[in-house]
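Q: Starting off with a structure, shown below.
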Amino acid sequence: MASSYTLAALKTSIKDFLEDQGTDFSGSLDDLIKLAEDKCIIDLDLDIFDATGSVTLTISTQTATVPTDFMKVRSMFHTSGTTRTFMDQRTYDYLIDYWPDTSTTGTPLYWAPYTTTTVYIAPPPAVALTATARGIKRPTSLVTDTSGSWLSLYCGSLLQKACLVVAEQFNIVDERIPMWKAEYAEDLAARRIEFRHLLHKDYDLPALPQPPEGK
């Protein structure tokens, strides 16, 4: 089982590993931990971090705002009456080529990531619709739940190594970043095997990560 941390213990560990007790560094630790959490959540890609939320599709508008705290949208569908219409994910370029005339509308069939908070829709809706998005939602941070988050309690060593990566980037200690990235990658492979029953599964399943040699 990986190490577990409270917020105070994780901060102490980071400062001890990097031998940095400076005020500026200590004052930035909350933000660095949040960045490290985001990295772990995306890289682990576990179903337990998934949630659903509503997306408003506005008439003649080709962008829509994703639900609050969504880090990645996996799928979307909209409902008219009792009929669900699933929208396929495509690239932004595909959508522009598929529906070049922004003055015409139709039934939305495709979506593409557009910005960190919006998706692009084609065709633009002819009527107002409410879509449902499913995706990775940012869970409560250890910075908020200081006694322990799911990541800090069950993937503590992974979170700590991710913190060391982003902290060295913050401190611009380029020569040590590759070492911490390698440590993080090794721990990530082990955690994805440990939690393989929780891994998000697509129709075309990726190869399961293999444990590091000698582990």
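The values are calculated or read from the model by the stated rules, or taken from the named source; none is laboratory data. Everything numeric here is computed off the predicted structure, so don't read it as measured data. Note that each Cβ is placed from the backbone with ideal geometry, even for glycine, and that neighbours are counted across all protein chains shown. The area values use the complete protein model at the heavy-atom level, side chains included, leaving out ligands, DNA and RNA. Shrake-Rupley method; radii C 1.70, N 1.55, O 1.52, S 1.80 Å.
Q: Using unit Cβ charges (K, R positive; D, E negative) and no other charged atoms, how large, in debye to the nearest 20, is the dipole of the range 16-70 about its Cα centre? Write out the running numbers ahead of the final one.
A: Details: 2 positive and 13 negative charges, 96 e Å.
Once rounded to the nearest 20, the dipole reads 460 debye.
Q: Test of understanding: in a Gaussian network model of the chain with alpha carbons linked when under 10 Å, which of G148, G22, G53 would top the mean-square fluctuation ranking?
A: G22
Q: Can you bin every Cα-Cα distance in the chain into 10 Å intervals starting at zero and give me the percent of pairs per bin, rounded to whole numbers?
A: 8, 28, 27, 21, 13, 4, 0
Q: While we're looking at this one, here's another question. How long are the semi-axes of the equivalent ellipsoid of the range 67-115, defined as square roots of 5 times the Cα gyration tensor eigenvalues? Whole Å, largest first. Before the final figure, lay out the partial values.
A: On the way: eigenvalues 72, 61, 17 Å².
Ellipsoid semi-axes (Å, largest first): 19, 17, 9.
Q: If you take all C-alpha pairs in the range 86-194, what percent of them are over 21 Å apart? Mind dumping the intermediate values first?
A: Numbers: 3507 of 5886 pairs.
So the pairs more than 21 Å apart make up 60 percent of the total in the range 86-194.
Q: Can you compute 3J(HN,Hα) from phi for each residue in the range 84-91, using the Karplus curve 6.51 cos²θ - 1.76 cosθ + 1.60 with θ = phi - 60°, rounded to whole Hz and x for Gly and Pro?
A: Going residue by residue, I get 9, 10, 7, 9, 7, 7, 9, 7 Hz, with x marking Gly and Pro.
Q: At 25 °C and a viscosity of 0.890 mPa s, what translational diffusion coefficient does Stokes-Einstein give for the range 78-148, taking Rh as the Kirkwood radius over Cα pairs? Give it in µm²/s as a whole number.
A: 172 µm²/s
Q: Another one. Please identify, among I177, I121, I41, the residue showing maximal mean-square fluctuation in a Gaussian network model of the chain using a 10 angstrom Cα cutoff.
A: The residue that fluctuates most here is I177.
Q: Give the cross-link partners of K201 among the lysines, using a straight C-alpha distance below 27 Å as the criterion and excluding same-chain residues fewer than 8 apart.
A: Excluding near neighbours in sequence, the set is K34, K39, K72, K137, K161, K181, K215.
Q: So if we plug the beta-carbon distance of T52 and D97 into 1/(1 + (r/R0)^6) with R0 = 25 Å, what FRET efficiency do we get, rounded to 0.05? List each step's numbers first, then the result.
A: Values: r = 30 Å, r/R0 = 1.19.
The value I calculate is 0.25.
Q: Moving on to the next point. For the range 1-117, what Kirkwood radius comes out of the mean inverse Cα-Cα distance, in Å? Let's see the in-between values first.
A: Details: mean 1/r = 0.0553 Å⁻¹.
The Cα-based Kirkwood calculation yields 18.1 Å.
Q: Hey, any idea what % of the chain's accessible area is carbon plus sulfur with a 1.4 Å probe? Write out the running numbers ahead of the final one.
A: Numbers: 6040 of 11780 Å².
Using a 1.4 Å probe with all protein chains present, the chain comes out at 51 percent carbon and sulfur.
Q: Can you tell me which of P178, P139, P108 moves the most in a GNM of the chain? Springs connect C-alpha atoms under 10 Å apart.
A: Result: P178 has the largest fluctuation of those listed.
Q: Now a separate question. Give the accessible surface of the chain per residue, rounded to a whole number of Å², with probe radius 1.4 Å and ligands, DNA and RNA excluded.
A: Value for the chain: 55 Å² per residue.
Q: I want the local charge near K137. Using Cβ-Cβ distances under 14 Å, sum +1 for each Lys or Arg and -1 for each Asp or Glu among the other residues.
A: Neighbourhood net charge equals -2.
Q: Suppose we keep just the alpha-carbon trace of the range 116-176; what are its Rg and Dmax in angstrom?
A: Computed over the Cα atoms of the range 116-176, radius of gyration and Dmax are 18.9, 55 Å.
Q: So what's the net charge close to C40: Lys and Arg +1, Asp and Glu -1, counting the other residues with Cβ under 12 Å from its Cβ?
A: +1
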